[in-house]
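Notes follow the structure.
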Amino acid sequence: MNKHFYNTILQHKEYEIPKIKWSRFIGNVFHIKNQEEAKEYLKQIQEKHKSATHNCYAYTYWTNINFDLFGNLEITPENFKQSDEWEPANTAWKPILAQIQWHKLHNIMIVVTRYFGGTLLGIWWLIQAYWECAKQTIKQSKIVELSIDETIEIKANYDLISIVMNLINKYDWKIVSEKHWDQAQITCQINKWLLSDFKKEIKNKSNGEINL
């Protein structure tokens, strides 16, 4: 059964490149699931590097699965945010995001911290510096594949539980939680690509008594 995955970095990594005209550039990469996590990690970096001149960043989270005109699979980010934090417009976040996209990474944030070294770099050198720092931070990290999952809740009468569990096993779902009241409530994660087929099959096998 086909599944689809995305590339990401799970472990936090910090890496500093050699000084460029006495300016320091320190990269940090984080795995994120949502905007709230991104804000929290950014806050940590800003606290750690209080005396830094800039903390520029780009991040992306959540993924869409589509096909292009030629039938090729496309996995694209649904959301991304960025900031140059007082660097000249587009000299910081754009090269950072370009590295994220070049490596086809999703659900990550890269923050590049700059300590000004006393010499103005100019636009070209700034872009190169942020590009290189993001690139090297990714290079020092371990890229992994994760399943593109969606979380759903299934509610079913107890006489239908065997149908539910058989399909959970067939589609290789991960059960997140179970509650048992007058009905069984099962929260699961399934590869997003398989969700449509699962919904059709569970509806057919339960004679329409289970709808998702």
Response to the item:
Within the stretch 80-115, DSSP-loop chymotrypsin sites (Phe, Trp or Tyr not before Pro) with at most 15 other C-beta atoms within 10 Å are TRP86
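At a 10 Å Cβ-Cβ cut-off, how would you order TYR61, TYR130, TYR158, fewest neighbours first?
Numbers: TYR61 22, TYR130 29, TYR158 10.
Going from least to most buried by this count: TYR158, TYR61, TYR130.
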Practice prompt. Assign one of three labels to the stretch 148-205, namely rounded, prolate or oblate, based on the Cα gyration tensor with a ≥ b ≥ c the square roots of its eigenvalues; rounded applies when a/c is under 1.5, prolate when it is not and a/b is larger than b/c, and oblate otherwise.
Written response: oblate
Worksheet entry | Exceeding the 26 Å Cα-Cα cut-off - candidates LYS21/LYS50; LYS43/LYS192; LYS94/LYS139; LYS13/LYS174; LYS33/LYS200 | LYS43/LYS192; LYS13/LYS174; LYS33/LYS200
Fill in: aspartates and glutamates whose Cα lies under 18 Å from that of LYS81, excluding same-chain neighbours fewer than 8 positions away
GLU36, GLU37, GLU40
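What does the charge count near MET109 come to, summing +1 for each Lys or Arg and -1 for each Asp or Glu among other residues with Cβ under 9 Å from its Cβ? Please report the intermediate quantities before stating the final value.
Working: positive: LYS81; negative: GLU37.
Here the charged neighbours net out to 0.
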Worksheet item: Tally Lys and Arg at +1 and Asp and Glu at -1 over the other residues with C-beta under 14 Å from the C-beta of PRO88: what net charge comes out?
Response: -1
Worksheet item: Given Cα pairs under 8 Å that are at least 6 residues apart, what percent is the relative contact order of the stretch 5-146?
Response: 40
Discussion item. Tell me the label only: which of (i) 64, 45, 31; (ii) 73, 43, 26; (iii) 68, 51, 33 is Cα extents along the principal axes in Å as calculated from this structure?
Written reply: (ii)
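What number, in percent, do you get for the relative contact order of the stretch 148-205 if the mean sequence gap of Cα pairs under 8 Å and at least 6 apart is divided by its residue count? Spell out each step's value before the answer.
Values: 75 pairs, mean separation 25.8, N = 58.
Value for the stretch 148-205: 44 percent.
We did not get these values from a lab; they are worked out from the coordinates using the rules stated. Everything numeric here is computed off the predicted structure, so don't read it as measured data. Here Cβ is always computed from backbone atoms with ideal geometry, including for glycine, and neighbour counts include all displayed protein chains.
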